[in-house]
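Heads up: the structure comes next, in C-alpha cells.
The values are calculated or read from the model by the stated rules, or taken from the named source; none is laboratory data. Since the model is a prediction, treat every value here as computed from it, not as a measurement. For neighbour counting, all protein chains shown are included, and Cβ atoms are generated from backbone atoms with ideal geometry for every residue, glycine included. Side chains included, ligands, DNA and RNA excluded: accessible areas come from the protein's heavy atoms. Shrake-Rupley method; radii C 1.70, N 1.55, O 1.52, S 1.80 Å.
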There are 2 protein chains.
Amino acid sequence: MSTKRTKAMKMSALYAPTLKEDPAEAELASHRLLLRAGMIRKQAAGLYSYLPLAWRSLKKIEDIVRDEMDAAGAQELLMPMVVDGALWHESGRWNAYGPELMRMKDRHDREFVLGPTHEETITDLVKNELRSYKQLPVNLYQIQDKFRDEMRPRFGLMRGREFIMKDGYSFSATQESLQEIYDDMKDAYARICERCGLKALPVVADSGQIGGDTSVEFMALADAGEASLVYCDDCGFAADDEAASTKVAVTEGPGDGTLEKVLTPGMGTIEAVADFFGFPQNGTRKSLALIAEDGTKVVAIVPGDHELNECKAEKIFGEYHMMSEEELVEAGLFKGFIGPVNLPQGIRLVVDESLRESRSWACGANEVDYHFIGACPDRDFTVDEWADLITVREGDPCPHCGRPLKGARGIEVSQVFQLGTKYSEAMGATFADENGEEKPFIMGCYGVGVSRTLAAVVEQHNDEHGIIWPVSIAPYEVSIVPLDPKLDECAAACDAISSALCDAGIEVVVDDRDERPGVKFADNDLMGFPYQIVIGKRGLKNGTVELKDRATGDRVDVAIDEVASKVAQMVVDAR
Amino acid sequence: MSTKRTKAMKMSALYAPTLKEDPAEAELASHRLLLRAGMIRKQAAGLYSYLPLAWRSLKKIEDIVRDEMDAAGAQELLMPMVVDGALWHESGRWNAYGPELMRMKDRHDREFVLGPTHEETITDLVKNELRSYKQLPVNLYQIQDKFRDEMRPRFGLMRGREFIMKDGYSFSATQESLQEIYDDMKDAYARICERCGLKALPVVADSGQIGGDTSVEFMALADAGEASLVYCDDCGFAADDEAASTKVAVTEGPGDGTLEKVLTPGMGTIEAVADFFGFPQNGTRKSLALIAEDGTKVVAIVPGDHELNECKAEKIFGEYHMMSEEELVEAGLFKGFIGPVNLPQGIRLVVDESLRESRSWACGANEVDYHFIGACPDRDFTVDEWADLITVREGDPCPHCGRPLKGARGIEVSQVFQLGTKYSEAMGATFADENGEEKPFIMGCYGVGVSRTLAAVVEQHNDEHGIIWPVSIAPYEVSIVPLDPKLDECAAACDAISSALCDAGIEVVVDDRDERPGVKFADNDLMGFPYQIVIGKRGLKNGTVELKDRATGDRVDVAIDEVASKVAQMVVDAR
C-alpha cells in the first residue's frame, strides 16, 4: 500500500511569494533573503510561519539531527509543549526564570508554562520509572516548537519568540557515563553542523573542575553573529573572547630597567603614553581603579593593549564598579596616572597573569602628569594577586599551541551541557545504585536550534543574488528552467529530464511559469536551488541544455539525454 | 555524507516502561494499552508524553498523511502555534470561542491564543500575497501540536488537551474549484484511514443547499466511540444517527380504518398501548407536547418506536422545551393520552414525514384513559406541517438504497469542511477575479487527528494480550525474541537474522533482556509487534525459529537461513 510518490513541483503552483524589494525591517542577510525568497512570513513580533520551501529545508535539518541522534543511541519522544507549573515550582525555575517564560492559567486556574526547555518535564517523566542503575544510561530527545517571550525579538529566525529546537536529556548513574554521552553528543553535533553545510566551531563555554569542559557551544561563523570569538586554525581551539584565557606575550617597557619617573603632561591615555615613548601600547601597563562588591578598593593592571574583561572581573570582584571621580579623589588616585608604585594605603593590587614575567613596566606614577618607566614587581611594588583579567583579542597566542588566534563572530546553533544533579536533586529523581543506595540522576542536556540553524546556513551561504543552499538541506535539489514552456520541443525536454531526475529520487522543481527569462533566473538564484538546468531554444537546436552550479556560478552545456544522470550523480555525491 | 543508518533496537535499552497492572484511570482500551505498553505517560490532565514506541508510530501516521496530502497537490508549511489575538478579534472567534480557547498575554500585555485551529493565521498569511484568480487554487497544510482546554480531559489520547493534528486550508476562486479540492481531500482521507489500518466511514455531517455534502467526518468504528452512527453495508451510506434522515417503514395501526375510541385505562406509554392492542410499537404513534422558542404550543408526532431527534427539533422549533405538568394542564393536554384528533385550540400539529402515507393510526385521544385507533390524517385531523423529526435507528431503511441500516459507534478521526467565505469576508481576504473585481476567497478546511488516529487504531486492533499494530504504523515491524541471548548459538542466530532484516530495510527490535520467556512473550504481545521471531533451544537444534503472526496468532517453524527473507517479504507486502 505504501507508495512514496515523487514528482516534480511546479513553480506556478508553489506557494512561495517572492518580494522584489528588500524588506525594510530586515537587517540580517538571512532575515532579508528568507523573506524575499518567499520562505518565511511574520505573523507577529518574533512569530514566523515557515512557508513550503523553508519547511522542506527545516525537515531536512530535522532528519539530519534525528539520524545523528539515533546513531548515537538517543531515542526520540515528544513531550507536551504546555508544562504543568507545579513542575517548575518544584525545580525552582518558576521564580528563577525571567519574563521570557510564558506563564498562563487554564480554565481551572491552574498554572502552566510554554516550555522553553523541558528539564522538569523529562525529569518528572523518568523519575518513577528508571529505578535501577541497571536501566541507565538513558538518552532521550525531542524536536519541538519552543517559546521564549523575548523582550525585543528581531533578526527574523535568529532571535524569534517561537522557534524549533531539538532538546535532549541524558540520565546516568556515574560521571563517567555522563562524560561518555556528552562526548558522543559533541561529536554528533559537529557532524550535524557539517552535514548542514555549516562551518561551526565548538566553543568551550565553561571549564569543569577536573580540567575537561562541561559545556560547549557550537558557533556558526558569521558576521551577523551575536557572540565574539577567538579561534586557532592550527589546533582547533575556539572560545568566546569573554571566556578565553591566553598568556599574552607582553613587550618590556622603555628604559634600561631602572625605575625612573618621567614628566608626561596631560598624557592620561595609553595611546598618548605609548606615542610619547615611541613604544607599542603592549609595552605600557593599563591601571584601572574599581570598588569590589565587598567595598575593597582595587587597582587592576592589564597590558596596555588589552581590556579588562567584565565577566572575569565579576568572578573575582563580585558586582564591582569602576571608581567615580569622587571615589578616585577619596582613594588618593589620579585618573590617567594610576600605577602600582606608591599606591595609597588600603588599595589592593591585582595584576593580569600575562605580566608575571615582565620586569620593566611603563605605568602611571600616582602623581598628576607623571609616569614611571622601568617599574619592576617585587622590587618597586608588591602584587597582592595575580589573576586572569583580560579579554583575549585576535592575534593573541592560542592557549593550547601558541599560534596567533583569529577573531570571528559566531551564531550559537547548538550546545551540550553537563547538568549534573541540579534537577534530579531538586525534584527527588533518584535511582538505586549497585549498593541499593538512592542517588540522584547525573544529567546532561543537549540542544540544537533547528530554525536557527536554517538562518545560520543562509548567513554563511548567500551572495548578491540570493541564497546558495547546500545540497543536503536545499528545499529542492534541482530546478529546471524551461525558457519557452509552451514550445513543444522545450516542454518535451523538460518532461524527460524532470522524469529521469524524479525516478532517480532527486527533488525537482520546474519553473513552468509564464515569465521572462530574467525573472526566472533571478527567482531561481534568490531561492538558491543548487543545480539549475536551463532549457533554451539555442541549446535545443544542438540537443543541449545549460547546467548551472549555483555555488560556483559555473555554467556548462550538457547533452539533453545526459544531463539527468550527470546531475543526479552530482546531487548524490553532495548530499 | 548522508547515511541513513538502520540498526536493530535493543529492548534492554528501549525506553518503554511497561506496567503489569491495568492503570485505574484508564477506561478505554487505547488509553489502558498505550499506558501499559510504555508508550504514553500523563504529565497533567489531558497532557501526554509520547514515549519512543508511540512516537515512532505517530511519525509513520504523519508520513502517511504527508504522502497523501502531497500526492493531492497540497503543500506543507508550519505556522506558529502561538497566534496573535488581534487575528481572532478580526474573525470574531475571540468572543465566539468558549473557554476551550487558551488565551494568554505576553510580557507587553498583548493578547495571544494557543491556536486550536489556524483559519485566522492562514487567512492572514495569504491575504496580501494571493492577489489574482490566476494564483488560485492553493491548498496548504501543517502538522502541529494543538491545544484545547477541555473541561474534562479524559480517555487518554482520545480527548486530550494537547494533541497532534494535521490542519489544511484551501483557497479557491470558485465553488467548483473548492468542490474539486474538497472531493480530492475526501478521497485522500479515506486512503489515510485505510493505510493506517483503520476501518472508518465517511459520515455526512451536513448537507449543502445544492444537494452535495459540505462536510464529512471520517468515523473509525469502535465501541469506545463518542458518536452514534448508522451505516449501510450495501451502498456505503453512513451518517451520525442524529443527522441522518430516513423514510422509516411504518405499520398501520389496529382496526379496520374506522375511527374508534378505545378505553385504555392507565396505559400512558407506547409500550403499554402496543401490548394492549397486541401490535408492534411501530404501529402506534407517539405524541410529544412542547413549547417552541417563539412560545408556540406544539404537538409533535413520530412513529411509536422512534425518538424525537433533539437536533432536528431545534432546527424547526428553535430552543424548545418539553411541556411541564403545568403547561400541559394549561394547554388542555393529558400526559400519556395526547394525540392529533380533537386537539385543543391553538396547538400546532407537526408530524414526522414517515407517517405521511399512513391512514390508520393508534394514538392518544386527548382524554384521560382513552386512545383512538383508525385515526386518519385529513379525514380526522389536519396536519400543520410534515417534517423530518426522528433519530434514525439500526434496522431503519437506508435513505439511498432502502436496505436496513446498521448501527455502530464511531471515533471522529478526521473531517473535511467547506468553509466558504466566512473567514475571508471577516478578515477582508480577497483576490481579483477575471473581471478585476475583488472577491473573498472561497475556503475549505481539512483536519486529521493524528494522535487520535493512533488511539483509534489501538481501539480497533487489540486483544486480551495487548495491541496488534497494523504493519504500516507499527513502532517496529519485527521483534526478535532470543530466549537464551547468552547462548552463543542463540546470539549468533539472532545477529544473523537481525542483520539480514535491517539490511532489507525492515525495522527490528531485539528483546535481548535477561528475562524469563513468559515475560518476553507477554511484553512483545503487549507492545504489539506484527511479526515476532522466537529463537529457542529446541528450534536451534533443528535449525529453525518460530515465526509468530501477532494478528492471527499463527506460529510456524521456519529455517533460520530463510526466516529473514520470508519475513521481509511479508512486511513489504503488508506495509
With criteria (1) of a type outside the set (K, R); (2) in contact with a strand residue (DSSP E or B) (Cβ under 8 Å, 6 or more places away or on another chain); (3) open to solvent by less than 70 Å² (accessible area, probe 1.4 Å), A:T382 comes up short on (3)
For the structure I just gave you, tell me whether B:M9 is out of contact with any Leu (no Cβ under 9 Å at 6 or more places or on another chain) and outside the structural domain of B:G160 (by TED's automatic domain parsing). yes
Which is outside the structural domain of A:L53 (by TED's automatic domain parsing), at positive phi and without any contact (Cβ under 8 Å) to a residue 60 or more places away in the chain, of A:G543, A:G528? A:G543
Looking at B:V571, B:V558, B:V545, B:V519, which is the one that is crowded, with 23+ Cβ neighbours inside 10 Å and aliphatic (A, V, I, L, M)? B:V545
Quick check: is even one residue across region B:427-442 touching a Lys or Arg at 6+ places or on another chain (Cβ under 9 Å), among the hydrophobic types (A, V, I, L, M, F, W, C) and surrounded by fewer than 21 Cβ atoms within 10 Å (Cβ to Cβ)? yes
Which of (1) within 18 Å of B:I270 (Cα to Cα); (2) open to solvent by 10 Å² or more (accessible area, probe 1.4 Å); (3) β-branched (V, I, T) is the odd one out, the single condition B:V351 does not satisfy? (2)
Going by the structure shown, is A:D149 part of a loop (DSSP other than H, G, I, E, B), under 19 Å from A:Q43 (Cβ atoms), within 12 Å of chain B (Cβ to nearest Cβ) and of a type in the set (D, E, K, R)? yes
Condition check for A:S479: in contact with a Phe, Trp or Tyr (Cβ under 9 Å, 6 or more places away or on another chain) and either outside the structural domain of A:T430 (by TED's automatic domain parsing) or of a type in the set (S, T, Y) (or both): yes
Could you tell me whether A:F163 is open to solvent by less than 10 Å² (accessible area, probe 1.4 Å), facing another protein chain (nearest Cβ under 10 Å) and in contact with a Lys or Arg (Cβ under 9 Å, 6 or more places away or on another chain)? no
Determine which member of the set A:R148, A:R152 is without any contact (Cβ under 8 Å) to a residue 60 or more places away in the chain, more than 17 Å from the chain's Cα centre (by Cα) and crowded, with 17+ Cβ neighbours inside 10 Å. A:R148
Selection within region A:439-498 - of a type in the set (A, V, I, L, M, F, W, C) and within 30 Å of A:K134 (Cα to Cα): A:F441, A:I442, A:M443, A:C445, A:V448
Wholly within region B:386-465, which strands (runs of 3 or more DSSP E) include no fewer than the required count, namely at least 3 residues that are within 30 Å of B:A551 (Cβ to Cβ) and modelled with pLDDT under 95? B:406-420
Just to be sure before I move on: is A:G225 more than 14 Å from every other protein chain (Cβ to nearest Cβ), open to solvent by less than 10 Å² (accessible area, probe 1.4 Å) and at pLDDT below 95 in the structure I sent? yes
Would you mind finding the one in B:S170, B:S177 that is in a helix (DSSP H, G or I) and buried (at least 17 other Cβ atoms within 10 Å of the Cβ)? B:S177
Going through B:G447, B:G407 one at a time, which residue ends up being under 30 Å from B:P475 (Cα atoms), touching a Lys or Arg at 6+ places or on another chain (Cβ under 8 Å), open to solvent by 10 Å² or more (accessible area, probe 1.4 Å) and in contact (Cβ under 8 Å) with a residue 40 or more places away in the chain? B:G447
Would you be able to say whether some residue in region B:36-51 is under 30 Å from B:K10 (Cβ atoms), open to solvent by 10 Å² or more (accessible area, probe 1.4 Å), away from chain A (no Cβ under 11 Å) and in contact with a helix residue (DSSP H, G or I) (Cβ under 9 Å, 6 or more places away or on another chain)? yes
Which of (1) in contact (Cβ under 8 Å) with a residue 24 or more places away in the chain; (2) more than 9 Å from chain A (Cβ to nearest Cβ) is the odd one out, the single condition B:L19 does not satisfy? (1)
Are any residues in region A:233-275 open to solvent by 50 Å² or more (accessible area, probe 1.4 Å) and assigned to a helix (DSSP H, G or I), and if so, which ones? A:E271, A:D275
